[in-house]
1. Taking 0.36 nm per residue of separation and subtracting the Cα-Cα distance, what length does fully extending SER25 through SER106 add?
2. Between LYS3 and ILE121, what is 0.36 nm times their sequence separation minus the Cα-Cα distance? Round to one decimal in nm.
3. On full extension of the chain, what length is gained from ARG129 through SER64, given 0.36 nm per residue of separation minus the C-alpha to C-alpha distance?
Amino acid sequence: MKKLAIVLLVTIASFCLAASAFAGSVAPGGMTKCNNAGSITIATAGGGDAEDRGNANGYIWKSSNFTTVQFTLGPNDHQGFSGNGGGAAGNSQVKMPSKHSMGHNSITFKGQNNFSRGDSIGDISGEVRIHNTGTVPVTVSCG
């Protein structure tokens, strides 16, 4: 009986560790958590529609300093810039390459320590909650 209890305890502990290592997909309006992660990667999981242009919006809450950090991921977003970086004159007239770039598909928060103050964006120790406030699902990986 004691052996069975030990095996069950080890199985439950392994499951808890595996569940905290990868948080998974977060639907619009949903939330997930990472505990003591070295890094947290948030990426868009869906294509979105014409209205939201595929943008994923949300915020993370950090228990280490009780602060929030907002994020917006817009892989299809081009800010209405034209294809040429030279404006009305065009790239060839100003002899300059295009400076246009699309939005990002993902963002990675990396843990940083040894700050003199605890309000740094890099302080992701402890529990971090990721909230999806947009209309596009996001995937979250806790590393």
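1. Full-extension gain reported as 27.8 nm.
2. Stretched fully, the LYS3-ILE121 segment lengthens by 38.0 nm.
3. Once the chain is fully extended between ARG129 and SER64, it gains 22.3 nm.
A short reminder: the numbers here are calculations on the coordinates, not readings from a lab. Remember, predicted model here, so these are calculated numbers, not experimental data.
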